[in-house]
Amino acid sequence: QVQLVESGGGLEQTGGSLRLSCAAAGRTFGSYSVGWFRQGPGKEREFVAAISGSGSTYYADSVKGRFTISRDNAKNTVYLQMNSLKAEDTAVYYCAATLRVGALTTRYPYDYWGQGTQVTVSS
(Lines give C-alpha, C1' and ligand atoms only; values in the text may rest on other atoms or scores of the structure.)
Protein backbone atom coordinates (compact mmCIF):
# COMPACT_ATOMS: atom_id res chain seq x y z
CA GLN A 1 0.00 0.00 0.00
CA VAL A 2 1.24 3.48 -0.88
CA GLN A 3 -0.11 6.67 0.64
CA LEU A 4 0.34 9.80 -1.44
CA VAL A 5 0.12 13.34 -0.13
CA GLU A 6 0.17 16.37 -2.42
CA SER A 7 1.23 19.82 -1.29
CA GLY A 8 2.28 23.15 -2.76
CA GLY A 9 -0.97 24.32 -4.27
CA GLY A 10 -2.30 27.81 -3.79
CA LEU A 11 -3.26 31.05 -5.46
CA GLU A 12 -0.93 32.49 -8.07
CA GLN A 13 -1.18 35.17 -10.72
CA THR A 14 -1.01 34.57 -14.44
CA GLY A 15 2.60 34.12 -15.48
CA GLY A 16 3.67 33.00 -12.02
CA SER A 17 5.09 29.71 -10.79
CA LEU A 18 4.22 27.02 -8.29
CA ARG A 19 5.89 23.76 -7.34
CA LEU A 20 3.73 20.85 -6.33
CA SER A 21 5.08 17.95 -4.29
CA CYS A 22 3.83 14.38 -4.08
CA ALA A 23 5.22 12.61 -1.05
CA ALA A 24 4.86 8.87 -0.65
CA ALA A 25 4.64 6.86 2.54
CA GLY A 26 4.44 3.16 3.08
CA ARG A 27 6.74 1.89 0.37
CA THR A 28 10.00 2.80 -1.31
CA PHE A 29 8.91 5.00 -4.15
CA GLY A 30 11.76 4.66 -6.59
CA SER A 31 10.36 1.85 -8.70
CA TYR A 32 6.91 3.41 -9.09
CA SER A 33 5.80 5.45 -12.05
CA VAL A 34 4.06 8.62 -10.93
CA GLY A 35 1.60 10.78 -12.78
CA TRP A 36 0.04 14.16 -12.20
CA PHE A 37 -3.56 14.72 -13.22
CA ARG A 38 -5.88 17.69 -12.80
CA GLN A 39 -9.59 18.33 -12.69
CA GLY A 40 -10.92 21.79 -13.37
CA PRO A 41 -14.42 23.00 -12.46
CA GLY A 42 -17.00 21.07 -14.46
CA LYS A 43 -14.33 19.15 -16.35
CA GLU A 44 -13.11 15.58 -16.48
CA ARG A 45 -9.86 14.62 -14.81
CA GLU A 46 -7.05 14.96 -17.35
CA PHE A 47 -3.45 13.89 -17.64
CA VAL A 48 -0.76 16.50 -16.99
CA ALA A 49 2.62 14.79 -16.68
CA ALA A 50 4.21 11.48 -15.69
CA ILE A 51 7.60 10.09 -14.82
CA SER A 52 8.46 6.41 -15.01
CA GLY A 53 10.56 4.49 -12.55
CA SER A 54 13.44 4.72 -14.99
CA GLY A 55 13.04 8.49 -15.31
CA SER A 56 11.29 8.82 -18.67
CA THR A 57 8.94 11.79 -18.71
CA TYR A 58 5.66 12.49 -20.51
CA TYR A 59 3.65 15.69 -20.81
CA ALA A 60 0.28 16.81 -22.03
CA ASP A 61 0.57 19.17 -25.00
CA SER A 62 -1.12 21.91 -22.98
CA VAL A 63 1.72 22.04 -20.44
CA LYS A 64 4.73 21.06 -22.53
CA GLY A 65 7.48 23.64 -22.19
CA ARG A 66 5.90 25.16 -19.06
CA PHE A 67 5.72 22.27 -16.57
CA THR A 68 8.53 19.96 -15.48
CA ILE A 69 8.12 16.70 -13.59
CA SER A 70 11.03 15.34 -11.55
CA ARG A 71 11.66 12.96 -8.70
CA ASP A 72 13.91 12.66 -5.66
CA ASN A 73 13.87 9.01 -4.69
CA ALA A 74 15.90 9.67 -1.55
CA LYS A 75 13.02 11.84 -0.33
CA ASN A 76 10.28 9.59 -1.75
CA THR A 77 8.91 12.65 -3.51
CA VAL A 78 7.89 13.64 -7.03
CA TYR A 79 7.65 17.29 -8.01
CA LEU A 80 5.72 19.24 -10.61
CA GLN A 81 7.31 22.59 -11.36
CA MET A 82 4.71 24.81 -13.01
CA ASN A 83 5.89 27.98 -14.76
CA SER A 84 4.13 30.56 -16.92
CA LEU A 85 0.84 29.69 -15.29
CA LYS A 86 -2.38 30.43 -17.12
CA ALA A 87 -5.94 30.81 -15.88
CA GLU A 88 -6.82 27.52 -17.57
CA ASP A 89 -4.34 25.74 -15.29
CA THR A 90 -6.78 26.30 -12.43
CA ALA A 91 -7.76 22.86 -11.10
CA VAL A 92 -7.35 20.36 -8.33
CA TYR A 93 -4.10 18.54 -9.00
CA TYR A 94 -3.74 14.87 -8.08
CA CYS A 95 -0.71 12.63 -8.07
CA ALA A 96 -1.00 8.91 -8.69
CA ALA A 97 1.39 5.97 -8.58
CA THR A 98 1.66 2.57 -10.19
CA LEU A 99 4.01 -0.35 -10.71
CA ARG A 100 2.23 -1.28 -13.96
CA VAL A 101 3.93 -0.69 -17.28
CA GLY A 102 2.52 1.40 -20.09
CA ALA A 103 -0.32 3.86 -20.71
CA LEU A 104 1.05 6.29 -18.16
CA THR A 105 -0.75 9.17 -19.87
CA THR A 106 -4.11 7.66 -18.96
CA ARG A 107 -5.80 7.10 -15.58
CA TYR A 108 -6.07 3.35 -15.94
CA PRO A 109 -2.73 1.96 -14.76
CA TYR A 110 -2.64 3.99 -11.55
CA ASP A 111 -3.52 2.13 -8.36
CA TYR A 112 -2.83 4.80 -5.75
CA TRP A 113 -4.10 8.38 -5.69
CA GLY A 114 -3.58 11.34 -3.42
CA GLN A 115 -6.33 13.59 -2.11
CA GLY A 116 -5.47 16.51 -4.38
CA THR A 117 -4.24 20.06 -3.96
CA GLN A 118 -5.99 23.15 -5.30
CA VAL A 119 -4.22 25.42 -7.77
CA THR A 120 -5.91 28.69 -8.64
CA VAL A 121 -4.46 31.05 -11.23
CA SER A 122 -5.92 34.52 -11.31
CA SER A 123 -5.78 36.69 -14.40
5 Å-binned pair-distance histogram of the chain (Cα, whole percent)
2, 13, 24, 26, 20, 10, 4, 1
Per residue, what accessible area does the range 1-85 have, given a 1.4 Å probe and all protein chains present, in Å²?
48 Å²
Test of understanding: express the Cα radius of gyration of the range 44-102 as a ratio to 2.2 N^0.38 Å, with N the residue count.
1.16
In the chain, carbon and sulfur make up what percent of the accessible area (probe 1.4 Å)?
47 percent
Descending packing, highest mean Cβ count within 10 Å first, for 54-66, 104-116 is 104-116, 54-66
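The values are calculated or read from the model by the stated rules, or taken from the named source; none is laboratory data. Please read all numbers here as calculations on a predicted model, not as lab measurements. Counting neighbours? That spans all protein chains shown, and the Cβs are built from the backbone with ideal geometry, glycine included. Please note that ligands, DNA and RNA were not included when accessible areas were found on the heavy atoms of the full protein model with its side chains. Shrake-Rupley method; radii C 1.70, N 1.55, O 1.52, S 1.80 Å.
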